[in-house]
Amino acid sequence: MCLIARCAIATCAIVLCANEGFSTRWATFVWNRVQEIRQLTNPTRWQHVPGDMNPADLPSRGCNARQLLETHWWEGPRWLKFPKEMWPNSRPIINEDLVAHEARKTVNKERKLIEHTATTVMSNMSENQEEQRLTDRLLFLSNYLRIIRTLAWIRRFIVNSQQKRELRSKTALTAKEIQSAETTLLRLVQEGSFSKTLMSKLRAMDIYKDESGLLRTKSLISNRQDTLDFRHPFILDSRHPIVVKLIEYTHRKLGHAHIEIVMNHLREQYWILKGRRAVSSVTRKCITCRRYNAKNIVSSPAVLPENRVREAAVFEITGIDFAGPLFLRDKTKAWICLFTCAVYRAIHLELVTFLSIELFLEAFRRFIARRGRPSTVYTDNETNFIEANRYLQEIDWSKIEEYSSAEKIQWIFNPPSAAWWGGWWERLIRSIKELLRKVLRRALLNYEELTTILCDCEAIINSRPITYLAEDPQQLIPLSPALFLQDLRNSEVPDMDIIASTEKLNRRIKYRQELRDQLRHRFRIEYLGQLSRRNKLKSNFETDIKVGDIVFIGNDQSKRLD
């Protein structure tokens, strides 16, 4: 029986130190390998071979094929053939500092490997977080195009930093770089929008990933010979902030177009979930669109002033305004002076040929002689007529106020730029103009003829119903201003001159007084009762202006392009 002794020979003194248990902290990987070697071999059977006797060093030193065959490459050191007692005893001198340095190198390598592995794992785990941070930073930019260009410059910087100086790109961004940046941006948007739960709900849309890693949806026109973006558009979530900026950019690019136009343009390339709602929200918040599409605020109707609803005689409360000019046959001008009853809505028309204080006072005296002296007169402020009707500036309103004071008439001027204060006579001016436009057309009349026409217009407007006109013939006739002007002459009451006895005369006077009271009662119930109702505003937006609200102030005096 032949026994063969096992031994191990090493050329590295560091390996011998590690195998013999030299008290040094080695890396985990090295220490595990050393423990495995100790289990398989006996540390006392390890031998050291000097480097000049090591045949494994021949190729590293360099030799040709003949030298390799003539050497002991195939047999090992020659002393292996001799008995163990004749083997060279060349135990290396152990340098503890060198061994400790080598041990630290293994530990450092292991630490770097662990750090690299951890960095790789953490980078994979935080990749979505980094992309989210990039997306959040891009949101600070104002519009979608600027986001794409910024991302394109970032990508170019990364490419240039990895190239030599002479190979770096220094030109303007190319279309390819812009397209690549937009692709990257859309991928970031999709990764930040569509989770696994949401993707499971979108399976019915037949979604797939293209070669760029972007989600597309197949449409019914997939077989059409058209662009890929039109046949298979990108799918986007309307709730993502960058998608909102895309809609805003498209809206401004199309000249602040309407919802349908913006939707049609976006469908050329994108399929935005709940897109119509998102586009509608963007257009509704657009400051430019809100400015040019803004409607006047419809406020609740104010309470009528006391002089409009109190018990008063006809023309006791009067509003005065001018309409015109009208052209007469002799090529002169004439104006209509309108006197309006504030309570009973009756009118009185006077024709003046020149806007002067004298002619106006003459017309006012004729009105008083025929209708009675008013107690209160309302007129527009003279500053309201600047450039709107420069002829009215020729009237000295201060003299009129002096005249009214002498006549014990209270004269009230409406505030400047408050035309709605005189709305109760402006509406009647419109009615007069409509009548004259349809009757006169292009006809030129003289003063007498035009005066007659104005009397006819006055009678027509005063006979208009101011209460509900019922279809039932048994109902009472509707109220009109003429009933109050003509003192019930249309009520079929006989003339008092034909009444013979005094007793009958007293009964007739009492009867007429009762009819007058009934007329006033009907006016109170039927006319003023209608005015007391507040119609519901048809506007859907907020009508109550509060302190701090931003509003656009309209100015009729400014030019259109100001």
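The table for this structure:
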read-out	value
When residues of the stretch 222-261 are limited to those that are assigned to a helix (DSSP H, G or I) and over 21 Å from the mean Cα position of the chain (by Cα), the one nearest to Asp136 (Cα to Cα)	Asp229
Segments classed as helices (runs of 4 or more DSSP H), wholly inside the stretch 262-377, with at least 2 members that are aliphatic (A, V, I, L, M), surrounded by 19 or more Cβ atoms within 10 Å (Cβ to Cβ) and touching a His at 6+ places or on another chain (Cβ under 9 Å)	275-285
Of the criteria (1) exposed (fewer than 12 other Cβ atoms within 10 Å of the Cβ); (2) at pLDDT 85 or above, which one Ser195 fails	(2)
The stretch 436-455 residues that are within 14 Å of Arg329 (Cα to Cα), paired with ones that are small (Gly, Ala, Ser) and exposed (fewer than 14 other Cβ atoms within 10 Å of the Cβ) (beta carbon under 7 Å, 6 or more apart)	none
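The values are calculated or read from the model by the stated rules, or taken from the named source; none is laboratory data. Everything numeric in this text was worked out from a predicted model, so none of it was measured. Neighbour counts are summed over all protein chains in view; Cβ atoms, including those assigned to glycine, are modelled from backbone coordinates with ideal geometry.
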